[in-house]
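Below is one structure, written out as structure tokens, with a few remarks after it.
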Amino acid sequence: MDFISIFTKKTNMKTLNIIISDNDFISYAFQSDKITFSEIAEKIKKRTIRKALYKCQSISDSVSLSNLTMEEINQEINEVRKKNAKNNN
């Protein structure tokens, strides 16, 4: 096998049929019923990240962290860093 044939090797493609509800089709904003696996994976990843962000925001609101100023956030960070530095020594 020579160098050029390594890079020109054909890749076999498979077709995968996935059945989803109309609601999921709309909520994932699919534009066509024929899309690549990469597109599906990207949409699922974005939705998962979005859900995690909403959950973080909800938790933040429930424990009043969402009302902290940037100065208060930095103070909290510095206190944890000092505590960790003491524990590591």
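Going through Glu39, Glu71 one at a time, which residue ends up being within 25 Å of the chain's Cα centre (by Cα), of a type in the set (Asp, Glu), part of a helix (DSSP H, G or I) and modelled with pLDDT of 90 or more? Break it down into steps so the answer makes sense when it comes.
Working: Glu71 fails: within 25 Å of the chain's Cα centre (by Cα).
Within the list Glu39, Glu71, the selection yields Glu39.
Restricting region 47-68 to residues that are in a helix (DSSP H, G or I) and among the aliphatic types (A, V, I, L, M) leaves a set whose member that is surrounded by the most Cβ atoms within 10 Å (Cβ to Cβ) is Leu65.
The values are calculated or read from the model by the stated rules, or taken from the named source; none is laboratory data. Quick caveat, the model's predicted, so the values are computed rather than measured. All Cβ positions, even for glycine, are placed from backbone atoms using ideal geometry, and neighbour counts span all protein chains on display.
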